[in-house]
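To start, the structure under review is shown below, and the notes come after it.
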Amino acid sequence: MANSARFDFSGANVLVTGGSNGIGYAIAAAFRDAGARVTITGTRADGDYESDFSGLTYRALDMRDAAGIAAVTAALPKLDVLVNCAGQARFNEYEPEVFEETVAVNLTGSFRMANAVLPQLKASRGSVINIASMTSYFGMSLIPGYGASKAGVLQMTKTLAEAWASDGVRVNAIAPGWVETNMTAPAQSNPEFDAKIIAHTPMKRWAKPAEMAGTVLFLCSDAAAFITGVTVPIDGGFSAVM
Ligand SMILES: NC(=O)c1ccc[n+]([C@@H]2O[C@H](COP(=O)([O-])OP(=O)(O)OC[C@H]3O[C@@H](n4cnc5c(N)ncnc54)[C@H](OP(=O)(O)O)[C@@H]3O)[C@@H](O)[C@H]2O)c1
């Protein structure tokens with residue numbers, strides 16, 4: 001079936017943290033192509049990446065840096081959409097400091113960012129999109145900090161949805177399945193792991209980053225005006241089966 005989903009975000013201001021790569025970049029490009037003014041963030045000070053950033057405004061930001069979050073926020077007097085996409089997973093998250101770092105980036109950073117732009121979102125009656133994960137629902141022994149942070153993201157989405165509904169701000173999340181990005185490169189290149197993912201995914205493939213974008217634009221559009229507090233799995237059926 002041809003892809004006929006189109007949304008018009010002309011004149012909207014959108015911030016995508018972690019928009020320099022992978023899923024965030026695909027979401028940022030989709031908002032740009034739908035007419036929005038899009039700011040993206042990444043970790044590199046010089047903003048030197050391989051991707052085409054034309055039509056996007058780049059700012060360096062570490063999600064653990066409260067002053068950096070305040071500076072990005074101050075540069076955006078108007079905002080309609082925040083996509084909290086910046087995230088990390090580490091191999092040594094059984095070290096408490098590393099566990100804490102992953103939670104600080106993925107969960108506390110998302111909370112801090114959403115709080116910081118709340119005045120702008122109240123003014124526009126805008127939306128927040130958080131990025132959850134299959135590890136919001138299922139244990140994955142390799143990455144305890146990542147799983148804890150993503151379970152927290154799912155819960156925080158519900159709490160902030162309730163807290164901010166009376167301000168007209170909607171808060172939703174997507175929970176991607178297995179997506180081909182830098183973050184999952186080690187898993188993609190491990191034949192045993194790859195086979196396990198494919199076996200458990202009814203659609204029998206990994207997702208492309210661009211396949212995450214349509215649901216995000218939908219959730220931020222008027223078509224989703226009465227939807228808040230939900231986390232939508234985009235997982236090829238991964239979470240539907242035992
Ligand atoms: N790929 C999957 O299968 C999958 C599944 C479920 C959820 N997710 C989530 O999707 C989001 C995007 O991940 P991805 O797969 O697209 O990975 P990715 O390509 O590695 O992108 C991660 C993004 O986060 C940024 N980032 C990393 N650490 C940061 C920090 N401390 N402060 C600020 N920004 C930071 C990266 O910046 P640089 O470009 O400068 O490195 C990049 O823009 C993450 O929240 C991830 O947990 C991914």
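The values are calculated or read from the model by the stated rules, or taken from the named source; none is laboratory data. The model shown is predicted, which means the values in this text are computed figures rather than measured ones. Backbone-built Cβ (ideal geometry, glycine too); neighbour counts: all protein chains shown. All accessible areas refer to the heavy atoms of the entire protein, side chains included, with ligands and DNA or RNA removed. Shrake-Rupley method; radii C 1.70, N 1.55, O 1.52, S 1.80 Å.
Kindly check whether there is at least one residue in region 210-224 that is without any contact (Cβ under 8 Å) to a residue 60 or more places away in the chain and assigned to a loop (DSSP other than H, G, I, E, B).
no
Among the residues of region 56-75, write down those that are within 26 Å of ALA34 (Cβ to Cβ) and in a loop (DSSP other than H, G, I, E, B).
Across region 56-75, the qualifying residues are LEU61, MET63, ALA75.
Only one of these conditions is not met by SER166: (1) of a type in the set (Gly, Ala, Ser); (2) more than 18 Å from LEU15 (Cβ to Cβ); (3) surrounded by 17 or more Cβ atoms within 10 Å (Cβ to Cβ). Which number is it?
Of the numbered conditions (1) of a type in the set (Gly, Ala, Ser); (2) more than 18 Å from LEU15 (Cβ to Cβ); (3) surrounded by 17 or more Cβ atoms within 10 Å (Cβ to Cβ), the odd one out for SER166 is (3).
Name the single residue that is nearest to the ligand (Cβ to nearest atom) among those in region 75-101 being over 21 Å from the mean Cα position of the chain (by Cα) and open to solvent by 80 Å² or more (accessible area, probe 1.4 Å).
Ranking the candidates gives GLU97 first.
Being surrounded by fewer than 23 Cβ atoms within 10 Å (Cβ to Cβ) and over 23 Å from ALA225 (Cβ atoms) is the filter here; which residues of region 116-135 pass it?
ALA116, MET134, THR135
May I ask you to list pairs of residues, at least six apart or on different chains, whose Cβ atoms are under 6 Å apart, with the first in region 30-52 being open to solvent by less than 100 Å² (accessible area, probe 1.4 Å) and in a helix (DSSP H, G or I) and the second being β-branched (Val, Ile, Thr) and within 14 Å of the ligand (Cβ to nearest atom)?
Close Cβ pairs satisfying both conditions: PHE31/VAL38; ARG32/VAL38.
Tell me yes or no: at least one residue of region 155-165 is within 11 Å of the ligand (Cβ to nearest atom) and touching a residue at least 12 places away in the same chain (Cβ under 8 Å). I'd like the intermediate steps shown before the answer.
Start the filter on region 155-165 by keeping residues that are within 11 Å of the ligand (Cβ to nearest atom), which leaves none.
Checking region 155-165: not a single residue is within 11 Å of the ligand (Cβ to nearest atom) and touching a residue at least 12 places away in the same chain (Cβ under 8 Å).
Outside any loop (DSSP other than H, G, I, E, B) and in contact (Cβ under 8 Å) with a residue 60 or more places away in the chain: does that describe GLY24?
Yes.
With surrounded by fewer than 13 Cβ atoms within 10 Å (Cβ to Cβ) and more than 11 Å from the ligand (Cβ to nearest atom) as the only criterion, which of ASP194, ASP222 stands out?
Unique residue meeting the criteria: ASP222.
Which numbered condition trips up PRO186, out of (1) exposed (fewer than 13 other Cβ atoms within 10 Å of the Cβ); (2) over 21 Å from ALA86 (Cβ atoms)?
For PRO186, the exception is condition (2).
Determine, yes or no, whether THR102 is assigned to a helix (DSSP H, G or I), in contact with a Phe, Trp or Tyr (Cβ under 9 Å, 6 or more places away or on another chain), without any contact (Cβ under 8 Å) to a residue 60 or more places away in the chain and not aliphatic (A, V, I, L, M).
yes
Quick check, is PHE9 in contact with a strand residue (DSSP E or B) (Cβ under 9 Å, 6 or more places away or on another chain), open to solvent by less than 10 Å² (accessible area, probe 1.4 Å), away from the ligand (no atom under 14 Å from the Cβ) and of a type in the set (Phe, Trp, Tyr)?
no
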